[in-house]
Structures are given as structure tokens and as C-alpha cells.
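*Asks:* What follows is a structure written as C-alpha cells; I'll ask about it next.
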Amino acid sequence: MAKTTERLTDELGFDYGTPYRDGREQLVITRVEAGKPMADAGLRPGDVLPAYSDTRDFFRDLARSRGSALSVAVQRDGGKMTAAVRVPVGPGQE
């Protein structure tokens, strides 16, 4: 499975045209699959998630929010927005 997020480095920032990362560890979305929660929330490759420095933390929070929406701050094209990523509850997980 291909990675969907990576730590934002100066090189990735250049590749995705994201603003300077202020010396902090942040995540960048590198891949979004149609029909999946991140796509449904409107996230796109190149979006930066400044509140997260580790992919594990992001996906842990998504798992904990299963059945409701996880509100995440997003930086895109020099602007800021909030996205609500909703992970559905699977069969037998209610």
C-alpha cells in the first residue's frame, strides 16, 4: 500500500509548492483515494496538516474518531481551512 501522508521536509514542500514549514515537523498529504474518508473530506495531495508531526498520530486519531468526524486544520495554497474526516463504523464495530 502506498503512503498517504509523510513528514513534510523542505524537499516535499518544494515538490508540492507548500509554504515554508517554520522548522516544525508537520505532515503533508501525498495521496488521496477517491471514495475514501480523506477524499470525502476534501483533502488533496499537497495539503499540510500542521497539528500532526507523525503519521501514526494522525491515523490513531482517525481510528479513535471512528463513527464521528475528526476535525483537522489544513494549510493549502498559503491559506488555512478545516476539514472534517469521517471514518465510518464497520460491521460489528458499533
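Nothing in this text is a laboratory measurement; each read-out follows from the coordinates by a stated rule. Because the structure is predicted, anything quoted here is derived from the model rather than measured. Positions of Cβ are generated from backbone atoms using ideal geometry, with glycine treated the same way; all protein chains shown enter the neighbour counts.
*Asks:* Calculate, in nm to one decimal, what residue 56 and residue 84 gain on full extension: separation in residues at 0.36 nm each, minus their alpha carbon distance.
*Replies:* 8.3 nm
*Asks:* Got a sec to turn the phi values of the stretch 65-81 into Karplus ³J(HN,Hα) couplings, 6.51 cos²θ - 1.76 cosθ + 1.60 with θ = phi - 60°, whole Hz, x for Gly and Pro?
*Replies:* For the stretch 65-81, the Karplus-derived couplings read 8, 3, x, 9, 9, 9, 8, 10, 6, 10, 10, 9, 6, x, x, 10, 8 Hz, x marking Gly and Pro.
*Asks:* Shifting gears a bit: Order these by the 10 Å Cβ neighbour count, fewest first: 80, 36.
*Replies:* On the way: 80 10, 36 14.
Ascending number of Cβ neighbours within 10 Å: 80, 36.
*Asks:* Tell me, what HN-Hα J-couplings in whole Hz come from the Karplus equation 6.51 cos²θ - 1.76 cosθ + 1.60 at θ = phi - 60° for each residue of the stretch 28-35, using x for Gly and Pro?
*Replies:* Per-residue couplings from phi come out as 10, 6, 10, 7, 9, 9, 4, x Hz.
*Asks:* Next up: Skipping prolines and chain starts, which residues have an amide H placed within reach, meaning under 5 Å, of the one on residue 27, given they are 5 or more residues away or on another chain?
*Replies:* For residue 27, the qualifying residues are 8, 49, 52.
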